[in-house]
Structure formats: structure tokens, C-alpha cells
Amino acid sequence: MDSRLLSDTFVELADTMVADFDVIDFLHTLTDRSVRLLSASAAGVVLADPRGELRVAAASSEPAGLVELFQIQNDQGPCLDCYRTGQPVTAADLAGPGQQWPQFAAAATQAGFRAVQALPMRLRDQVIGALNLFRAAPGLLDPEDLRIGQALADVATISLIQQRSTHRSSVLNEQLQTALNSRVLIEQAKGKLAERLDIDMEQSFTALRGYARAHSLRLSDLARAFVDGTEPLTDLTGLTGLTGRSSDGASSGT
């Protein structure tokens with residue numbers, strides 16, 4: 001494991017006391033780093049809205065995001081059990097017999113995942129969601145990876161709960177609701193950019209996120225501006241993962 005990346009990740013997840021704290025970008029950092037640091041093929045985060053209903057907040061890949069959405073829509077899966085109990089939930093072989101969540105297991109296997117570890121995002125008795133680690137191969141997560149994964153989930157939870165919540169307990173719910181609403185805009189922007197450049201959704205998100213960071217913009221603000229047409233996104237050349245062709249016909253790849 002890359003110890004420097006691990007330490008940098010904990011610092012980044014803890015460093016949320018800034019005025020322009022972007023929850024969506026923060027959660028995508030959590031999923032991206034979970035994949036890079038742990039023996040996971042993909043990762044996703046589900047968060048509870050103010051009514052206690054789970055919604056997909058971030059995913060490291062489109063298949064992971066779709067599997068997360070599937071289990072919420074069908075009300076079965078390890079992340080739901082993890083959120084409801086506040087305890088880690090493991091599915092070591094989703095293609096094996098006697099599945100606890102047969103519909104979820106079938107959907108996850110079809111998406112290329114054979115195992116999943118759901119880790120609670122919890123501070124004491126407050127559970128706000130779950131971090132889910134998907135693996136392409138069956139088997140249990142290494143104990144050290146499991147310990148680090150839970151630590152990442154814990155630090156992220158503390159950061160979300162503490163961020164700007166000193167004065168009003170309702171701030172967290174408002175913040176998370178805003179983040180979940182922003183995700184809808186981001187999905188719309190991803191689709192619009194993917195169609196324009198003839199690229200896939202993951203490349204589209206990479207381009208949007210890279211543009212936002214390069215221009216010091218909040219990802220949700222950029223998505224809103226792009227969807228309503230006030231931000232044309234004319235300078236996308238060189239962003240990581242971008243291929244295809246721009247709207248003026250020039251190649252947008254590197």
C-alpha cells in the first residue's frame with residue numbers, strides 16, 4: 001500500500017473546514033481513494049436524506065453506481081443492511097448458492113462484481129450512510145484493508161457531520177440534501193457532455209471534475225451552468241481520460 005497516498009487521503013478527508021467545501025467532490029475523492037488504496041475494483045457511497053431514505057451520493061465507476069441504485073430501488077442489498085444496523089456487512093461470493101439478496105446478487109454479478117463489503121458511515125449512534133467496496137473476484141477483504149476502509153469511512157463521516165454544524169444541528173441534513181440534489185444536475189451534465197463529445201459517462205465525469213478543479217469551480221455549480229447553457233465548456237483539451245471529438249469537430253483527446 002502507498003503509505004504517502006494513505007496519509008494524504010486522511011489529511012484531505014479531514015480538511016473540510018473551508019468556505020467552498022464541495023460535498024460531491026469530497027465523496028468522489030472518498031470512493032476514488034478507496035479503490036486506489038484497498039483491494040477493491042470499485043466503490044460507492046450511499047447517504048440518507050433528511051427523511052432517512054438512502055440515495056446514491058458517489059461512485060468510482062458507472063457500473064458501481066448502477067448497482068448501488070439497483071439495491072436502493074429494490075430495497076435489498078448489503079448497503080441497506082449496513083445502514084440499518086450500523087454494522088459492516090460482507091458478501092464474499094455473490095455467485096454462490098443461498099444468496100441473502102438474490103436480486104442484488106444477480107445484478108452485481110452481471111455488472112462484473114463477485115464480492116462486496118459494506119462499511120457504515122457512523123459516528124457513535126448516528127449512521128448517515130455506507131461506503132461500499134466492490135470486488136471483481138470472490139473472497140473476503142483483507143483484515144488490514146477492512147480496518148483502513150472503515151477508518152476512511154469514519155473520517156469522512158466525522159468531516160461531514162462536523163463541517164459547519166457548530167451552530168445548528170439541521171446544517172448536516174441541509175448540506176447532504178443539497179449534495180444529493182446536486183448529483184442530479186451532475187448526472188444531467190455528464191449526459192449532455194457525453195453526447196456532445198461522443199464519450200462514455202465516466203470520461204464525461206472525469207472531464208467535468210477536471211474542468212471544475214482547473215477553474216476553481218464547485219462541481220455542482222459547473223454542472224448547473226453547463227446544463228442551463230451559461231458555461232459552454234470550451235477548454236477541455238488535455239483533461240485526464242478525455243477522448244472523442246469536441247463540438248467544433250476538433251479532437252479533444254491528448
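The values are calculated or read from the model by the stated rules, or taken from the named source; none is laboratory data. Bear in mind the structure is a predicted one, so any value in this text is a computation, not a measurement. Please note: Cβ atoms are built from the backbone with ideal geometry, for glycine as well, and neighbour counts cover all protein chains shown.
Being of a type in the set (Gly, Ala, Ser), out of contact with any His (no Cβ under 8 Å at 6 or more places or on another chain) and at pLDDT 80 or above is the requirement here; does residue 179 meet it? The answer is no for residue 179. Only a single item in (1) over 29 Å from residue 51 (Cα atoms); (2) part of a loop (DSSP other than H, G, I, E, B); (3) at pLDDT 90 or above; (4) not β-branched (Val, Ile, Thr) is not met by residue 141, and it is number (3).
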